[in-house]
Structures are given as structure tokens and as C-alpha cells.
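Trainee: Could you have a look at this structure, given as C-alpha cells, before my questions?
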Amino acid sequence: MQNTKGNIEEINEQEDDINQEIDYISLFAKEKTKVRGIPKRGSKDFEPDGSENQHDALTSSLNALQNALSEERNVSSRQLCKAIWHRAPISKAMITVSKGSHFHNMGHAIKGKMWLYPEECLFLMDRCSLSMQYCGVDMSLQHAYCEIIGEWLTLEKYQVYAYLKRIGFTVLRAQPSPSSSTNTSVCSQSQPLIQTPSHTNATSHQLQQLQLPWFLNRINSFIISPFIYITNLLNSSSVLSSRKSANKKEDQSLVVPGEYRTYEQVYKKLQIIKSSSITHCHNIDVDVEDEGYNIDFLVYKESAPGKFKKKNPGSPLFHVVVASAETQKPPSLPTLCNLFNSFPSSSQTNSSQSLESQSPSQLSTRKNILFAIVDGSNISFLEYNDIMFDNIHVNLISDHVEKKMRY
Amino acid sequence: MTLMPEEVTLLLSKGIIVLVDEEKSHRLPTQVQIEEFKQKISQEENIQLQEYIKFTEEKKLKIECLRKNNDLSQDIKGERNIAKEISPNDLKEKDVLFQQSQEFQDQQNSLNLENKSSKIQGFAPVVNIKTSSTSFAWYNYNGNCFSSIDLAKQNDLWVWPSTLKDLQKYKIYCDLWNQGYYITSGIKFGGDYLLYPGDPLRYHSHFIAIVLDIDKIISPMDIITFGRLGTTVKKSYMLCSWNQQQDKAVYYCLEWSGFG
């Protein structure tokens with residue numbers, strides 16, 4: 001019995017690591033060696049048993065939390081930047097005193113003056129690096145949150161920005177690119193994806209188009225199937241005729257008798273619907289209602305002063321979209337298409353660096369979008385990948401044999 | 001730290017919190033307030049400067065004393081006679097030092113009055129970045145506090161719960177809260193809430209709760225999904241619905257039985 005309980009605790013501990021709860025006791029533990037990075041939560045119990053031990057542990061946890069919350073930000077003016085907040089419509093802060101190396105990857109210069117975006121102001125204030133004034137008096141953090149959160153910078157966006165900055169990434173605002181979602185020329189140059197006979201009903205056609213890529217991938221995987229299945233298709237006319245009925249070209253088989261040297265050639269014939277990838281979904285109606293999803297932040301790896309160039313940062317590790325769990329629905333396919341088309345694909349090496357442990361599905365990753373879903377104080381990250389399914393080849397053993405035979 | 005909408009509504013209805021319209025409470029500082037604020041800041045800096053000077057002077061004297069003592073003890077070791085001769089000189093020196101330091105302090109004080117603290121070498125005042133606005137004269141929440149949901153609603157400050165789904169969630173939340181559970185957001189575990197037997201700071205959660213419409217048809221696939229979700233994290237998956245007619249909550253728990 002005790003054993004199982006211990007087991008449960010162990011597993012629970014691992015699972016609860018996903019939670020971003022912090023053990024505030026470790027934050028103020030001075031006698032212990034300080035752990036670098038964001039403090040992690042310590043061990044938890046299964047349930048309250050009314051013991052003195054547990055009571056004391058809870059009290060000290062609560063006290064630590066209280067201490068963390070009531071901690072005042074005191075900092076030597078030697079390390080403190082100063083800025084003046086300019087209210088809307090400017091909504092930025094101008095640096096008057098610059099200290100430290102914050103501005104190698106933050107802020108932007110306008111006519112020789114350094115300006116900070118609202119999220120940069122809040123973040124620097126939060127970590128005791130910036131004192132902001134407005135109308136000749138200091139701003140408290142309480143005031144800054146009230147004043148700065150709004151317009152483009154929602155609380156959710158700031159939470160994601162601050163989280164990514166805190167764990168060491170360089171985070172920049174994504175500038176709207178010229179080929180962004182509002183560009184309608186993308187959809188006008190539609191290439192017919194479906195090569196099946198056109199349906200008479202226009203609406204059902206549209207509907208089919210909307211579901212295309214997912215649907216297509218299914219078909220594709222269906223096509224790449226064992227050899228026996230294909231020979232069956234080739235030889236048995238009964239199977240063919242049943243397939244044909246779906247195709248409406250009653251009298252012709254998909255693979256007419258002839259010379260086929262590789263499976264590839266046969267597959268091509270069998271592929272009645274060309275596969276598509278999300279980055280090439282041109283004929284999907286792009287003019288859908290705006291669901292409020294945009295690439296919000298570009299995330300780069302940790303950068304040393306002097307090495308990172310704000311004006312030429314290179315290709316980002318992640319494109320981050322901030323989503324609110326409470327107010328937003330999951331993105332529709334057209335929205336995803338727009339998002340994927342709004343930035344050029346990064347080089348292969350770059351994306352492979354970012355993924356520490358690559359799952360098979362990520363091997364051929366070209367583009368990915370990181371969705372940061374904010375629910376209260378929780379942030380969950382989901383990654384959308386364009387895996388270029390049509391480029392994935394299943395190696396059949398006989399295929400190898402065939403190649404060897406040809407040489 | 002942010003509160004869940006359920007928490008805000010509950011605390012508001014229990015009269016534990018009031019909502020403050022922050023935008024209205026932070027006013028533009030008047031000219032007088034700006035002047036007062038600047039004075040206060042320079043006063044605080046002066047106090048810090050005084051302490052700094054006092055501290056450095058004491059340190060200097062201590063170091064000097066230590067050095068003299070050191071010299072003395074060395075002298076004692078070497079030639080005792082000379083040591084005796086030196087000591088009166090030493091005292092004189094101390095006097096001179098003291099005078100010098102006195103002069104220095106006076107100088108500093110005069111500089112102080114002119115508020116040129118930044119010129120003093122090695123001195124950098126500690127700045128406090130305020131967390132709360134309550135100490136500011138231009139912050140005043142009087143008249144901007146709302147103690148009930150209705151009042152807050154009228155002023156467009158709080159509109160949750162506004163949909164039927166929100167209402168169902170809130171009913172379930174309150175029912176579970178009244179049963180003594182500690183409740184947090186369950187989004188990381190594919191549910192609406194996580195239920196804890198004690199404070200989440202110290203204990204693991206036991207249930208993942210999801211609020212469903214009572215008429216919702218659940219497919220077998222849903223049941224497998226829920227069961228899988230709960231089992232992999234050693235929690236029980238709880239389906240919650242609000243029965244409108246009987247005005248009470250209905251709960252079902254899903255758990256893999258572990259037979260094969």
C-alpha cells in the first residue's frame with residue numbers, strides 16, 4: 001500500500017512539473033547554494049493528513065509566498081536605467097539614463113534616442129532595471145500595469161513575453177511583413193489542387209477545399225501501402241471498378257497497362273488527389289473573418305552583448321502566436337494557412353537546432369509556429385508544424401532491391 | 001499573480017474583495033504634488049548620503065587605527081624604546097586625521113545642501129521601485145471601488161459570467177469550493193479545473209474536472225480520451241454538469257480500472 005502511494009507521488013511530481021508553480025521557499029533560501037534560472041517547485045504531499053509536520057511545511061510555504069509578494073524592489077542607482085513614459089498615442093518610453101547591457105537586444109533607436117516598447121518597459125521594471133517617470137513623478141508597477149497594458153499589448157502577450165525573456169531567450173516584436181495575412185493576391189493565383197471531376201454544387205466544393213490538407217494527408221498515407229494492394233489494383237478489375245465509381249471516369253483504370261520501373265511511378269498514377277502542404281494552400285479562401293491570431297513575437301536564442309544585431313537578427317527560432325484560452329477559439333485552417341504564409345521558411349539547420357529531441361514527425365520540419373495559450377497565469381505552448389508530408393517516402397524493402405537490380 | 005474569473009466573482013460575492021477602477025484612480029499629479037514628490041526624493045537621497053559618509057568615515061578611521069596598531073606591534077617586536085617615543089606622535093597624527101575628516105564632512109554637508117550628491121565619489125543612492133501606488137498622493141481609489149458584482153457590472157468593470165457556459169462553470173466551481181476543494185485552472189491537463197485536497201502549494205491534485213452541458217452526448221471515444229488523460233497523470237477525470245431543474249451539480253468520475 002505504501003509502495004503504491006510512493007509511486008503515485010513520484011509520478012505526480014513529474015507530471016506537476018508542467019505546472020509553472022514555484023517553490024517560494026527555494027527563492028529565499030540563502031544558506032543553500034542558489035540555483036540558477038527560474039526556481040522550481042519542491043516536493044509535494046499526496047493529501048493533508050492533519051500532522052504537525054505538514055502544517056509547518058504549509059505555513060512556511062505560505063510565508064515564503066507572502067515574502068515573495070511583499071518584497072520591495074530596491075536597487076542601486078548605478079545599475080538603474082531611467083525612462084520617461086509617453087502616453088498614447090505614442091505608448092512608448094524614452095530612455096534618459098542607460099545602464100547595463102539591456103539594450104543590445106531590447107529597445108529601438110529613433111533619431112539618436114533609445115525608445116522602449118511597453119512590454120520592454122514592464123519587463124525591465126519588473127526585474128529592477130528601470131525606473132519610469134511620467135508627468136514628473138515616478139510610476140509604480142501597479143500604475144505601469146494599468147497604464148501600459150492595453151491596445152496591442154494584452155496581459156496575455158506580456159505574460160508570454162516576460163516568460164520567454166525570463167528563461168533567457170531574446171524576444172522581439174514581430175513586425176508586420178508585407179506579405180502578411182491581409183494580402184489577397186495569394187488566393188487569386190489559385191492552382192487547381194483537386195484533379196477529380198468538378199462537383200456541380202459550389203458550396204460543397206468549397207467545403208471540401210477547406211478541409212483539404214488534412215484530408216489529403218490521409219489519402220496519401222492510404223496510397224503508400226503494401227505492394228500486394230497495388231498489384232491487386234493492377235490486376236483485379238473488380239477492385240478497380242469499385243474504385244473507379246468514385247472517380248466517375250468509368251472506363252479507364254488509374255494505372256493503365258504499361259512499363260513501370262519503380263513504385264514511385266505507380267504511386268503517381270494512383271494519386272488522384274495531389275497532396276498539399278499548409279504553406280502552399282493557395283486556393284483556400286484567405287478572406288475569412290479575422291480570428292485575432294497573428295505572429296506576435298519572434299524568439300531568438302540567448303544572445304551575448306555585441307553579438308546580436310537588432311537590425312539583422314537572422315532567422316528566429318520560433319514564431320510565437322499568443323492565444324487567450326478564455327476568449328479565443330482554436331484557429332481555423334485558413335487562419336493557420338495565413339500564419340504559415342506570413343513568414344519565409346527558415347533554414348533546415350536552424351530549426352533542427354531548436355528542437356532538442358526530434359520526434360520522427362519533426363524530421364522534415366520546415367516551418368513551425370508556437371502557440372502560447374494563456375489561461376490565467378498558466379501558459380501552455382503548442383507547436384504547429386508543416387511536416388511536408390508529400391516529401392516523406394516510405395522505404396519498402398523491395399524498393400531497395402529494385403534499385404539495386406537496376407544498377 | 002492573477003485570479004481566475006471564478007475566483008474574482010466568488011470573492012466579490014462573499015464581500016472579501018472590492019474591485020478598483022485603476023484607470024480612474026491614477027490621476028494626473030498636480031504641480032504641487034510633483035514638487036512635493038521631488039522634495040521627498042531628494043530628502044531620501046540626503047539621508048542615504050549622510051549614512052554613506054558616516055559609514056565611510058568610520059571605516060577609514062578603523063582602517064587607520066588598525067594600521068597604527070599594526071605598526072605599533074611591529075615596533076614593539078623590534079625596538080621597544082622607539083615605540084614609546086612614537087606613540088605621542090601617533091596621537092597627534094590621529095588628531096590631524098580627525099580634523100581632516102571633520103573638514104571633509106563639512107564639505108560634504110555643504111555639497112549636500114546644494115544637492116550635488118552625485119559628485120561624491122562612490123556614492124550611488126539606492127532607488128526603490130514601488131510595487132504599489134498607495135503611497136502616491138495622486139493615487140486615490142475613493143469613489144472608484146465596487147463592492148458587489150452588480151455595481152461592477154454597471155460600471156463595465158466586471159462582466160463575468162456572461163454566457164450560459166460561464167454560468168454553468170461558476171455554479172460547479174462554487175459547489176466544489178463549498179465542499180472544501182482548492183481549485184486551480186486545469187488547462188494543462190485538458191480540463192477546466194484541477195481539484196486539490198489542500199493548498200496547491202503543498203499537495204498534489206486528485207481530480208481533473210471538466211464542465212459539460214447536461215444534455216451533451218459523450219461518445220465512447222471521449223470516454224477513452226478522458227480516461228487516458230486522467231490515468232497518465234494519476235488523477236481521476238471528473239465530468240461535471242449543472243442540473244438546472246434540480247439546481248444541483250452532477251458528478252461522474254472516470255478512472256481506468258487496471259484490469260488488463
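Trainee: Which number in (1) more than 10 Å from every other protein chain (Cβ to nearest Cβ); (2) open to solvent by 40 Å² or more (accessible area, probe 1.4 Å) marks the one condition that B:GLN168 misses?
Mentor: Exception for B:GLN168: condition (2).
Trainee: Is it the case that some residue within the range A:38-58 is at pLDDT below 60 and either open to solvent by less than 90 Å² (accessible area, probe 1.4 Å) or in contact with a strand residue (DSSP E or B) (Cβ under 9 Å, 6 or more places away or on another chain) (or both)?
Mentor: Within the range A:38-58, one or more residues are at pLDDT below 60 and either open to solvent by less than 90 Å² (accessible area, probe 1.4 Å) or in contact with a strand residue (DSSP E or B) (Cβ under 9 Å, 6 or more places away or on another chain) (or both).
Trainee: Being modelled with pLDDT of 50 or more and more than 18 Å from A:ILE295 (Cα to Cα) is the requirement here; does A:ASP375 meet it?
Mentor: Here the answer is yes, as A:ASP375 does meet what is asked.
Yes/no matrix, rows are residues, columns are (1) open to solvent by less than 40 Å² (accessible area, probe 1.4 Å); (2) in contact with a Leu (Cβ under 6 Å, 6 or more places away or on another chain); (3) touching a residue at least 12 places away in the same chain (Cβ under 8 Å):
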| site | (1), (2), (3) |
| --- | --- |
| B:GLN154 | no, no, no |
| B:THR184 | yes, yes, yes |
| B:PHE189 | yes, no, yes |
| B:TYR196 | yes, no, yes |
| B:ILE214 | no, no, yes |
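Trainee: Tell me, yes or no, whether the range A:331-345 has at least one residue that is surrounded by 17 or more Cβ atoms within 10 Å (Cβ to Cβ), within 26 Å of A:PHE169 (Cα to Cα), at pLDDT 85 or above and polar (S, T, N, Q).
Mentor: no
Trainee: For residues that are loosely packed, with under 15 Cβ neighbours inside 10 Å and within 14 Å of another protein chain (Cβ to nearest Cβ), scanning just the range A:97-134, find the one that is nearest to B:PHE136 (Cα to Cα).
Mentor: Per the criteria, the residue is A:VAL97.
Trainee: Would you mind telling me which numbered condition in (1) assigned to a helix (DSSP H, G or I); (2) within 10 Å of chain B (Cβ to nearest Cβ); (3) closer than 18 Å to B:GLY198 by Cα A:ASP56 fails?
Mentor: Of (1) assigned to a helix (DSSP H, G or I); (2) within 10 Å of chain B (Cβ to nearest Cβ); (3) closer than 18 Å to B:GLY198 by Cα, only one is false for A:ASP56: (2).
Trainee: Failed condition for B:ASP150, given (1) open to solvent by 30 Å² or more (accessible area, probe 1.4 Å); (2) more than 13 Å from every other protein chain (Cβ to nearest Cβ); (3) touching a helix residue (DSSP H, G or I) at 6+ places or on another chain (Cβ under 6 Å), with all others met?
Mentor: All conditions pass for B:ASP150, except number (3).
Trainee: Using the structure shown, decide if B:GLU57 is away from chain A (no Cβ under 14 Å), more than 30 Å from A:TYR145 (Cβ to Cβ) and modelled with pLDDT under 85.
Mentor: no
Trainee: Take the range B:216-246 and flag every residue that is within 17 Å of B:LEU195 (Cβ to Cβ) and open to solvent by 40 Å² or more (accessible area, probe 1.4 Å).
Mentor: B:LEU229, B:THR231, B:LYS234 - these are the residues of the range B:216-246 that are within 17 Å of B:LEU195 (Cβ to Cβ) and open to solvent by 40 Å² or more (accessible area, probe 1.4 Å).
Trainee: So, one more: For residues in the range A:66-83 being open to solvent by less than 50 Å² (accessible area, probe 1.4 Å) and either among the hydroxyl-bearing types (Ser, Thr, Tyr) or within 7 Å of chain B (Cβ to nearest Cβ) (or both), which is nearest to A:SER98 (Cα to Cα)? So that I can check it myself, show each step before the final result.
Mentor: Narrowing the range A:66-83 to residues open to solvent by less than 50 Å² (accessible area, probe 1.4 Å): A:68, A:73, A:75-77, A:80-81, A:83.
Still in the running and either among the hydroxyl-bearing types (Ser, Thr, Tyr) or within 7 Å of chain B (Cβ to nearest Cβ) (or both): A:73, A:75-77, A:80.
Numbers: A:ARG73: 18, A:VAL75: 15, A:SER76: 13, A:SER77: 11, A:LEU80: 8 Å.
Within the range A:66-83, the match that is nearest to A:SER98 (Cα to Cα) is A:LEU80.
The values are calculated or read from the model by the stated rules, or taken from the named source; none is laboratory data. Please read all numbers here as calculations on a predicted model, not as lab measurements. No Cβ is skipped: glycine too gets one built from the backbone with ideal geometry, and neighbour counts run over all protein chains shown. The protein model used for the area step is the full one, side chains on, heavy atoms only, and it has no ligands, DNA or RNA in it. Shrake-Rupley method; radii C 1.70, N 1.55, O 1.52, S 1.80 Å.
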